[in-house]
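The values are calculated or read from the model by the stated rules, or taken from the named source; none is laboratory data. Since the structure is predicted, the reported quantities are computational estimates derived from the model, not experimental observations. With ideal geometry, Cβ positions are generated from the backbone for all residues, glycine too; neighbour counts draw on all protein chains shown.
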Amino acid sequence: MIRHLPFVCVFTVASIVAQAQPQQATPPAQRPQPPAVATRPQPVAPPAPVAPETPVVTVHGVCPEGQAAPAGKPDACTMVLTRAQFEGLVSSLNVNNTNYPPPALRGFATDYANILALASAGEKAGVEKDPRFADLMRIARARVLAESYRRSLQEKYANPSDDEIAAYYQQNVEKFGQTKIERIHVPKVDPTRPQDRRPEFEAKAKKLAADIRERAARGEDVTSLQVEVYKTLGLKAQPPQTELSTNPKPTFPANVEQDINALKAGEVTKVEFEPSGFNIYKVRSRNNIPLEQAKAQIVREISQKNIDAALKTATSSVRSELNEQYFSFHNAAPPQRIPPRTLPPGTKTAPPK
């Protein structure tokens with residue numbers, strides 16, 4: 001049973017390691033301290049590195065695979081993990097490529113020893129004869145195989161070639177375009193008094209937006225025009241920033257986005273009627289992100305594209321059929337309790353109640 005342990009505990013132990021956190025030490029009780037004596041500080045030597053073949057985890061009372069305890073001495077076995085073996089085990093379980101701190105590794109080592117102890121006890125108790133054990137092992141093995149296949153794909157496609165990266169950039173150059181956009185916002189209502197003389201305010205704002213748009217198209221400074229809008233409308237609030245952020249990329253209604261995409265650098269849209277008010281957009285510049293800056297994003301996208309294709313190939317030829325009479329949720333009778341599997345004669349452990 002011990003040889004199957006990694007399949008069973010891959011999910012349990014990995015979560016244990018991920019949840020292990022350093023704990024704060026309890027401060028000692030405050031006591032009067034003697035006067036400090038001036039001494040020369042001594043250099044602190046860093047701990048010497050542990051060699052790969054040095055034991056780091058020793059579990060007493062558990063036999064290594066293929067070794068049985070001497071007759072009459074069930075606790076005489078000792079299992080040893082060297083640094084290389086321990087780090088290899090942690091690496092195999094580290095599905096998220098987490099950098100574990102020392103307290104987490106210590107917690108993992110302790111819990112792994114406890115799991116080995118319980119597995120040894122279960123082996124002695126004969127739980128392997130329970131039909132449910134075979135079911136669990138079959139499911140655990142399938143899950144670990146699936147996860148290992150996913151990981152193998154991630155490793156296989158993690159580093160696309162420079163030619164692949166360059167070709168992807170050329171084929172998707174519009175995706176890596178960067179457009180700097182400015183906006184002049186003309187509110188429909190006074191934010192401090194939204195119901196006060198609303199029709200008159202909106203009419204004045206609409207006329208003002210048309211005038212401001214023409215001046216922006218002639219090249220007047222957008223920031224100055226935005227300040228003038230708020231001054232003309234008598235708004236006391238601070239005018240909004242005119243330059244829109246490029247990271248994250250702003251989202252616009254479909255009709256507004258279409259108008260912006262049709263502009264060249266220096267051009268402005270018509271007055272856009274939006275729920276927030278009357279808006280005028282100006283494209284200040286258009287350029288493409290250099291290949292080197294886009295490289296990390298391209299690597300991620302190529303890698304994910306290849307992984308998705310491989311997964312689709314693996315699953316496309318497999319399909320399942322369900323008995324709708326059994327799985328139907330409509331007019332279903334109250335759920336019936338599924339009885340537990342019965343144990344074969346001679347099994348030492350009793351089925352759960």
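Before moving on, here are some points about what is shown:
- Test: residue in the range 314-333 that is surrounded by fewer than 12 Cβ atoms within 10 Å (Cβ to Cβ), at pLDDT 90 or above and assigned to a helix (DSSP H, G or I): yes
Here's the yes/no breakdown for (1) outside any loop (DSSP other than H, G, I, E, B); (2) in the same structural domain as residue 60 (by TED's automatic domain parsing); (3) surrounded by 15 or more Cβ atoms within 10 Å (Cβ to Cβ); (4) in contact (Cβ under 8 Å) with a residue 24 or more places away in the chain:
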position: 71; (1), (2), (3), (4): no, yes, no, no
position: 81; (1), (2), (3), (4): yes, yes, yes, yes
position: 88; (1), (2), (3), (4): yes, yes, no, no
position: 96; (1), (2), (3), (4): no, yes, no, yes
position: 103; (1), (2), (3), (4): yes, yes, no, yes
position: 109; (1), (2), (3), (4): yes, yes, yes, yes
position: 115; (1), (2), (3), (4): yes, yes, yes, yes
position: 118; (1), (2), (3), (4): yes, yes, no, no
position: 121; (1), (2), (3), (4): yes, yes, no, no
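- Selection from the range 163-189 of residues that are loosely packed, with under 13 Cβ neighbours inside 10 Å and modelled with pLDDT of 95 or more: 163
- All conditions but one from (1) closer than 13 Å to residue 182 by Cβ; (2) in a loop (DSSP other than H, G, I, E, B); (3) of a type in the set (Ser, Thr, Tyr) apply to residue 251; the one that does not is (1).
- If the condition is being β-branched (Val, Ile, Thr) and either over 43 Å from the mean Cα position of the chain (by Cα) or outside the structural domain of residue 272 (by TED's automatic domain parsing) (or both), then the range 213-236 contributes 229, 232.
- Test result for residue 125, under 14 Å from residue 56 (Cβ atoms), small (Gly, Ala, Ser) and loosely packed, with under 15 Cβ neighbours inside 10 Å: no
- Residues being in a loop (DSSP other than H, G, I, E, B) and exposed (fewer than 12 other Cβ atoms within 10 Å of the Cβ) - total across the range 277-298: 1
- Within the range 47-91, the residues that satisfy the criterion of being at pLDDT 85 or above and aliphatic (A, V, I, L, M) are 50, 51, 56, 57, 59, 79, 80, 81, 84, 89, 90.
- Among the residues here, residue 128 does not qualify as of a type in the set (Asp, Glu), assigned to a helix (DSSP H, G or I), modelled with pLDDT of 90 or more and under 33 Å from the mean Cα position of the chain (by Cα).
- The range 258-276: number of residues that are under 37 Å from the mean Cα position of the chain (by Cα) and either closer than 22 Å to residue 227 by Cα or in a helix (DSSP H, G or I) (or both): 7
- Against the list (1) touching a helix residue (DSSP H, G or I) at 6+ places or on another chain (Cβ under 9 Å); (2) free of Cβ contacts under 8 Å to residues at least 12 places away in the same chain; (3) over 18 Å from residue 278 (Cβ atoms); (4) not small (Gly, Ala, Ser), the condition residue 241 fails is (3).
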